[in-house]
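A short write-up of the structure that comes next.
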Amino acid sequence: MVRARPFLLNARTLRSAGARRAPVLARRLAAAAVVLSSPLLDVPAVRAVAQGPGTISGRIVEAGTRTPVPGAQVTVAGMTVGAIADDDGRYVLSGVPAGAVVVRVETAGYAPAEKRVPVRLDGPTRADFALETQVFQLDEIVVTGTAGSARQREVAHSVDQVLLEDVDEPVVGVENLLAGRVPGLTVLQSSGMAGAGSQIRLRGNVSLALSNQPLVYLDGIRIRSEGYPRNVPAAGDARRGPNDVPSPLNDLNVEDIERVEVVKGPAATTLYGAEAASGVIQIFTKRGHRGDPVWTARVDQGLDEMQPYGTDADPYVGLDPWLRSAWRQRYSLSSSGGGDVRLYASAAFDDNEGVLPNDHEKRFALRLNADAAPLPGLDLAWSSSLTLHDLNSTPAGNNAHGLTQNAFRGDENQLGDGSKEAIDRILEYDIRTGIDRFLGGLTAAWTPSDRLTNRLTVGYDRAALDLWQLRPFGFVLAPDGILADEDWTGSILTLDYVGSWVVPVRPDLRTTLSWGAQNVVSEENRHAGYAEGFAEGVEPTLDSGALRLDFRGRTRVANGGVFAQALFDWRNRWFLTAGLRLDGSSAFGEDLGLEPYP
C-alpha cells in the first residue's frame, strides 16, 4: 500500500494519524448525541450507540478506592460500538454480535484497560472494570540520562521531551525546534545570515574555561555540538570574513526527527562523564515500520525578513539598500516500511537566500535507517546520513572589509564614502564554505530475558570543510588581492556499552543494577594556505601570490570511562539512585589518571 501526503505551503503536512483518530471521534460524537437526546426519549442517559442482538453492561470503578469513574469511554475493538459511563460508572453496549470481543475502557487520569468478553444472545453479558490511576507525565519512557529505557518517574533528574508530531508550525532547524519548548533551555542566535549557527545553553553557563555547549547525541551516537571553525584567513586580521559560525545541527534534516530528549545540568555525568556537566541533548530519528511502504512528500516555501533594530528615522542604521526579503524553499521525500528488515529512507533539498546580498545556502541531505531482529532477543539498528552543505556569505560583523561596518559608519567608513555605489564594491569579497558530513552508527541490543538487557553502540561522525575566501586583484580595500583556503576535517568515534539487570528483592522492593563503559575519540586536522599580492590578469591561486604561507595543525583527544549504578524502587513510589563513574581523558595529562564522579 502506498500513501502520499499532500503538498502544503508554510504549514505542517497533515498526519495520517488524523485518519486513525476519526473512528474514535465518531464514537465520542455518537455517544454524546445519544446522551443529549435521552430527555426527549425519556430513557436513561447511558445508551448504546448501535442496536443489535448482543448486550454488554457493567460498572467502572477506581481500583484502589472502588469509587465510580464517570465519563469513561467504552468501545469494542474493531467495531463502531461505544458508550460513555454515567455518574455511577455504569455503561451499556448494545448491538454487539455474538462471540468473543475485546472491550476497551479509556479516560484521562487512568491507565487504559481492556478485557476479552464472550457475548451471548440469551441474555446480557456483564463486564466490570477497575482502573488504575496514572499520571501520564511520570510514565513516559525516556532513554537519555538512564542506563536503558526507563519510566520518567524512576529518573532522579528532569528529562524533557519534544515530539515533532506535536509541533504544528513548520520547523526550520533543530535549534528552532527546541527554542521555547524546553524549560531552562536558551537558544542564542548568532546572526540572521544563511546557515548561521546558534549557541544552546541549559540553565546558563557552568564553566569559565570549558565548553558550555551541551553534549549532543543522535540515535545514541556522539556528534559534534560545538560550532564549526570560522571562515577566516590563517594570517592577517582574524575578523576578515562573515564573522559567523555554521552550526553542525544545521546539517540535520529536521523532517527526519521523531523526538528530542534533554537532560539539563550535570545530572547525567554518571553515564556520560564530566563533559556532560552542561547537559545532554539526544535526538532520535524516525524508524521504519512493519508493513507496506508509506511515502511522504513535503514542500515548504517562505520568506525571511530583517526586523527593524534602529530608530524610527533610521530603522536599519543605514543598511536598508542592501537588505532583501530572502526566499526559503525545501523539498523532502521519505519512505517507511518493510518486513523482517524495516527501512526508513529520506532525501531533502534546501535552497535558502539570506537577507544580505551574498548570502545563499544550499543543502542536500540523505538518510537511511534500518532495523532487524536476526535472532530471538537480538535487535540491530543502523542509522546513517550524508549531507552536502554549501554556503555563500556576505562579509559582515566587526570587519573593516565588510559590508555592515562600512554601511553603519556612512561617510566615516573605511572607504571615506557612504554612497551605495561605493559600498557595493565590498560585495566583490567572495566567501564560500563547503561542508560534507557523514554520520553512521550501529546499535546491537541483546535481551536474553525480561530482566537482563545489553546494548552496544558504535558510531562515527565525520565532517570535511573547505573554507575559501578571495578578495580579488583590484579589491577596493586590498588592491593586490588576498586568497585564503583551508581544508579542515573533524571526526568523532563513539564506542558505548550499557548493561542492566532487574533484581526483584521482595514484592514491594525492586533493584535495577546497571553498568557500562564509553570511549569517545575526537580528532581535528587543519591545512590552511594564505597568499596575497597577485599580478593583474593572473588567476589567483595559493601558488601565484607574491607572499605564500602554509599552516598545519592536528588535535586528538580521547575520553573514556566506566560506571556502575543501582536504582532502588520501593512500592513503585519511592526511588533512590546511586552511581559512581571513573573518567579518564588524554586532556588530563599522563599523571592525573582516572577521576571518580559520584
P507 - would you say it is open to solvent by 30 Å² or more (accessible area, probe 1.4 Å) and modelled with pLDDT of 95 or more? no
List, please: which pairs have Cβ atoms under 6 Å, are six or more places apart or on different chains, and start with a residue in region 471-486 that is touching a residue at least 40 places away in the same chain (Cβ under 8 Å) and over 25 Å from R552 (Cα atoms) and end with one that is open to solvent by less than 40 Å² (accessible area, probe 1.4 Å) and in a strand (DSSP E or B)? A478/R471
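Right, G490: in contact with a Phe, Trp or Tyr (Cβ under 6 Å, 6 or more places away or on another chain) and farther than 25 Å from G545 by Cα or not?
Considered against the rule, which asks whether it is in contact with a Phe, Trp or Tyr (Cβ under 6 Å, 6 or more places away or on another chain) and farther than 25 Å from G545 by Cα, G490 comes out as no.
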Those residues of region 112-140 that are surrounded by 12 or more Cβ atoms within 10 Å (Cβ to Cβ), under 46 Å from the mean Cα position of the chain (by Cα) and at pLDDT below 85 come to a total of 4
Of the residues in region 291-336, how many are among the aliphatic types (A, V, I, L, M), in contact (Cβ under 8 Å) with a residue 40 or more places away in the chain and not in a strand (DSSP E or B)? 3
Looking at (1) more than 22 Å from L439 (Cβ to Cβ); (2) at pLDDT 75 or above; (3) surrounded by fewer than 16 Cβ atoms within 10 Å (Cβ to Cβ), which is the only condition E226 fails? (1)
Selected residue (only one of R552, R548 is over 26 Å from G227 (Cα atoms), basic (K, R) and either out of contact with any Phe, Trp or Tyr (no Cβ under 7 Å at 6 or more places or on another chain) or without any contact (Cβ under 8 Å) to a residue 40 or more places away in the chain (or both)): R548
I'd like to check something: does region 282-302 contain any residue that is under 30 Å from P596 (Cα atoms), under 19 Å from the mean Cα position of the chain (by Cα) and of a type outside the set (F, W, Y)? yes
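Do the conditions hold for G288, that is, is it touching a Lys or Arg at 6+ places or on another chain (Cβ under 7 Å) and assigned to a loop (DSSP other than H, G, I, E, B)?
It is true that G288 is touching a Lys or Arg at 6+ places or on another chain (Cβ under 7 Å) and assigned to a loop (DSSP other than H, G, I, E, B).
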Could you give every pair whose Cβ atoms fall below 6 Å, whose first residue belongs to region 223-245 and is more than 16 Å from L391 (Cα to Cα), and whose second residue is of a type in the set (G, A, S) and surrounded by fewer than 24 Cβ atoms within 10 Å (Cβ to Cβ), counting only separations of at least 6 or pairs across chains? A234/A528
Does V143 fit the bill of being at pLDDT below 80, closer than 30 Å to A72 by Cβ and open to solvent by 20 Å² or more (accessible area, probe 1.4 Å)? no
Filter pass, E523 being part of a loop (DSSP other than H, G, I, E, B), open to solvent by 40 Å² or more (accessible area, probe 1.4 Å) and out of contact with any Cys (no Cβ under 7 Å at 6 or more places or on another chain): no
Only one of these is of a type in the set (A, V, I, L, M, F, W, C), open to solvent by less than 50 Å² (accessible area, probe 1.4 Å), in contact with a Leu (Cβ under 7 Å, 6 or more places away or on another chain) and at pLDDT 90 or above: V74, V61. Name it. V74
Here are some residues: L493, L483. Which one is open to solvent by 60 Å² or more (accessible area, probe 1.4 Å), assigned to a strand (DSSP E or B) and either touching a Gly at 6+ places or on another chain (Cβ under 7 Å) or within 22 Å of L582 (Cα to Cα) (or both)? L493
In region 337-357, residues that are of a type outside the set (D, E, K, R) and outside any strand (DSSP E or B) total 5
Given (1) in a strand (DSSP E or B); (2) open to solvent by less than 30 Å² (accessible area, probe 1.4 Å), T270 misses just (1)
Among the residues of region 534-566, how many are closer than 30 Å to S586 by Cα, crowded, with 18+ Cβ neighbours inside 10 Å and either at pLDDT 95 or above or more than 36 Å from the chain's Cα centre (by Cα) (or both)? 0
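What are the residues in region 291-350 that are aliphatic (A, V, I, L, M), closer than 25 Å to E421 by Cβ and surrounded by 13 or more Cβ atoms within 10 Å (Cβ to Cβ), if any?
M306, V317, L319, L323, A326
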Pairs with Cβ under 7 Å, 6+ apart, first in region 498-514 and aliphatic (A, V, I, L, M), second surrounded by 12 or more Cβ atoms within 10 Å (Cβ to Cβ) and assigned to a loop (DSSP other than H, G, I, E, B): V498/A147; V498/G148; V502/R451
Pick from A531, A464, A444, A517: which is open to solvent by less than 10 Å² (accessible area, probe 1.4 Å) and assigned to a strand (DSSP E or B)? A531
Are any residues in region 116-136 in a strand (DSSP E or B) and closer than 18 Å to P68 by Cα, and if so, which ones? R126, F129, A130, L131, T133
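The values are calculated or read from the model by the stated rules, or taken from the named source; none is laboratory data. From a predicted model like this one, the values you see are computed outputs, not experimental measurements. For neighbour counting, all protein chains shown are included, and Cβ atoms are generated from backbone atoms with ideal geometry for every residue, glycine included. Surface accessibility is based on the protein's heavy atoms, side chains included, excluding ligands, DNA and RNA. Shrake-Rupley method; radii C 1.70, N 1.55, O 1.52, S 1.80 Å.
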